[in-house]
1. Compute the distance in nm between two label points, each set 7 Å from the Cα along the Cα-to-Cβ direction, one at residue 130 and one at residue 76.
2. Which peptide among 72-78, 31-37 comes first, and what is the full order, when sorted by highest mean count of other Cβ atoms within 10 Å?
3. Would you calculate the separation in nanometres between label points at residue 65 and residue 116, each defined as 7 Å from the Cα along the Cα-to-beta-carbon direction?
4. Using 0.36 nm per residue, how much length does the chain from residue 38 to residue 149 gain when fully extended, once their Cα-Cα distance is taken away?
5. Once phi is turned into θ = phi - 60°, what whole-Hz ³J(HN,Hα) does the Karplus curve with 6.51, -1.76 and 1.60 give for every residue of segment 29-39, x standing for Gly and Pro?
6. Stretched out fully, how many nm does the piece from residue 85 to residue 6 gain, at 0.36 nm a residue minus the Cα gap?
7. Through the Karplus equation 6.51 cos²θ - 1.76 cosθ + 1.60, θ set to phi - 60°, convert the phi angles of segment 107-119 into ³J(HN,Hα) values in whole Hz; use x for Gly and Pro.
8. Which whole-Hz couplings ³J(HN,Hα) result when phi for each residue of segment 143-150 is put into the Karplus expression 6.51 cos²θ - 1.76 cosθ + 1.60, θ = phi - 60°, listed in order with x for Gly and Pro?
Amino acid sequence: MYNATESVQNYNHGKKFKSDWLNTHKAYKHEEAIESYQLAIEKHPQNLLAYRWLAFELRHLNRFSEAQQIIEQGLNAGQWPEELDDLFSVHWTTDEMRQDLWFELGLVHADAGDYEKALIALSEAVSLGEKEGKGPGLVTAKECIAEIQRGIYNPNQHRISISSTQYKINSVKKGGCIVVIALLLSVGLLFLLL
């Protein structure tokens, strides 16, 4: 018998390491997060979020073949159960969850240097996202495809990007910072001219 509550508790324990790292820049504990996600999957094999984030952790440790295997298991795990949906309060469809798994698989292949497989996986993520009209990695998957096609894919950029939302926040912050600096330089030049 699967235990959804314990699965979510283990998942949340794994995510805590990412939160600590993002908020306080404490040393990131990949191995402890990996153990938590493995327990979450053990407690409920249909916890598709746990597969996604377990693969994320493995990718960050350059354990690409393990990450690929985990994602494939997640893609074959079945439907995202309502009992998990209620516990997580995410209300994603199974296709949205699979889209996120395909997105992570694309990143795994791209980080490993297999751009052909990366494009296939990322295209599947885009296809599922467009079918749903949304999805956790739709915009970022399209950006990754464009980067690979232009030959400018940078794995480090997507290792920092925890999700497409976080990526957008980081991009806006960087862009906003550039605007502020440009504005300050303009004001400084204006004072020099007067």
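Laboratory data are not the source of any read-out in this text; all were calculated from the coordinates shown. All values reported here derive from a predicted model rather than from experimental measurement. In this analysis, Cβ positions are derived from the backbone assuming ideal geometry, glycine residues included, and neighbour counts consider all displayed protein chains.
1. Result for the modelled spin labels: 2.8 nm.
2. 31-37, 72-78
3. Spacing of the two 7 Å Cα→Cβ label points: 1.9 nm.
4. Additional length available on full extension: 36.5 nm.
5. 10, 4, 4, 5, 5, 4, 4, 5, 5, 5, 5
6. In short, 27.1 nm is gained.
7. In residue order, the calculated couplings are 5, 4, 5, 5, 5, 7, x, 9, 5, 5, 5, 4, 4 Hz.
8. My calculation for segment 143-150 gives 5, 5, 4, 4, 5, 5, 5, 8 Hz in order.
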